[in-house]
Amino acid sequence: MKAKYLALWGAVLTAGALLAETADWRPAERWRGFNLLGMFRAPTIGLAPDPRVDGHFVEWEFKALHDWGFNFARLPLDYRILIKGDSWTNLDESALGKLDQAVAWGQRWGVHVQIALHRIPGYCILDQTEAFPLGTSPVAQEAAAEIWRRFARRWKGVPNEALSFNLYNEPTRHAAGANYVKVARLLVDAIRAEDPARFIMLDGDACASRPVPEFYGVPAVGQAFRGYTPHAITHYASGYVKTPKEPPTWPLAPGYGDKWTRRSPEDTVALYQGALDAGEFCMVGEFGCRNRTPHGVALAWMEHCLKLWKEKNLGWALWNLRGHNGILDSGREDVDYEDFNGHKLDRKMLDLLRRY
């Protein structure tokens, strides 16, 4: 296996032969939907149980997306849920079966499923506690590549219209630094070795804020960025972003927050204009506004973003369906909720999303 991998990697570096032979598939329409968190985080000591993260997905979420007119579900995964014991590559068949079921539900309800490694061997944006850093450790890189090989082999034959892959979430200097392109190519190669035509989304560098020009023109590879700007709106009073104490307005009042928290949605899209001009398929893999931001402000900001993205023909996925950014069970104190199968539905936010 190692010799085979090295041969494939060499082919890409020299002539690009492997990538050139892949089908140049791309989505025929904008993807619009949600991140579903059923396998987002392995049980962790010290964290309270989260009803959204119960180790599996549920069919009613896919049906609801279909009934509301959405067509996309991103499934951010924690690889630790997928393995047995401490072995990075000893995948648990029962856990994989739950992903099989999610893919099948997506096909049943006409919802495209994107499998995303939110935590991959060697890296997670939420903490830097992996023993072997993905950017520099051959051990972590081979483990990550092997997981993607197994995924590609397992779902080969599922059409791109139903399934895509998202390599890993929000790379930063901790993940790879200057080695991000190398790591991304390694993972793309691992997938292509098993399923040459699978469509792959690549998160931008710098926490999914900057495109990766080295992948412009690579067939069946798109680029994803984040819609969390300005942080003064999206992360107001979150605790891990230093926003002012006073509640924000939209548009932001002059002088509210510093330059970093004031970066606009237009600023983010402008960074990806080169990718769009090059004909790349791009989308907003995550966006949302935490529940401490006043509801009216959150909705006004969301509509501003949604209009901008529609003008640019960009798809999007709200983080999340259920939870403090979402349309269900957000915990906002200034919303008149409706009952939806025992969950609290933010009808105004849902109707806004459906319009775009």
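The values are calculated or read from the model by the stated rules, or taken from the named source; none is laboratory data. If you're wondering where the values come from, they're calculated on a predicted model, not measured in any experiment. Here Cβ is always computed from backbone atoms with ideal geometry, including for glycine, and neighbour counts include all displayed protein chains. The area values use the complete protein model at the heavy-atom level, side chains included, leaving out ligands, DNA and RNA. Shrake-Rupley method; radii C 1.70, N 1.55, O 1.52, S 1.80 Å.
Of note:
- Region 224-262, residues that are in contact (Cβ under 8 Å) with a residue 40 or more places away in the chain, of a type in the set (S, T, Y), buried (at least 21 other Cβ atoms within 10 Å of the Cβ) and not in a helix (DSSP H, G or I): Y228, Y236
- Residue in region 263-278 that is farther than 15 Å from G227 by Cβ and outside any helix (DSSP H, G or I) present: yes
- From the options E170, E161, residue that is open to solvent by 10 Å² or more (accessible area, probe 1.4 Å), under 16 Å from E286 (Cα atoms) and either modelled with pLDDT under 95 or among the acidic types (D, E) (or both): E170
- Whichever residue in region 67-79 is within 20 Å of W319 (Cβ to Cβ) and part of a helix (DSSP H, G or I) and, among such residues, is most open to solvent (accessible area, probe 1.4 Å): W68
So that you can scan it fast, the table gives a plain yes or no per residue for (1) assigned to a loop (DSSP other than H, G, I, E, B); (2) open to solvent by 40 Å² or more (accessible area, probe 1.4 Å); (3) of a type outside the set (S, T, N, Q); (4) out of contact with any Ser or Thr (no Cβ under 8 Å at 6 or more places or on another chain):
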residue: E280; (1), (2), (3), (4): yes, no, yes, yes
residue: V284; (1), (2), (3), (4): no, no, yes, yes
residue: C289; (1), (2), (3), (4): yes, no, yes, no
residue: K310; (1), (2), (3), (4): no, yes, yes, yes
residue: W316; (1), (2), (3), (4): no, no, yes, yes
residue: G326; (1), (2), (3), (4): yes, no, yes, yes
residue: S330; (1), (2), (3), (4): yes, no, no, yes
residue: L350; (1), (2), (3), (4): no, no, yes, yes
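- Selection from region 120-156 of residues that are aliphatic (A, V, I, L, M) and either open to solvent by 70 Å² or more (accessible area, probe 1.4 Å) or outside any loop (DSSP other than H, G, I, E, B) (or both): I120, L126, A131, V139, A140, A143, A144, A145, I147, A152
- Summed over region 193-223, the residues that are over 21 Å from I147 (Cα atoms), aliphatic (A, V, I, L, M) and either in contact (Cβ under 8 Å) with a residue 40 or more places away in the chain or open to solvent by 20 Å² or more (accessible area, probe 1.4 Å) (or both) give a count of 3.
- Boolean, Y240 is modelled with pLDDT under 95 and aromatic (F, W, Y): yes
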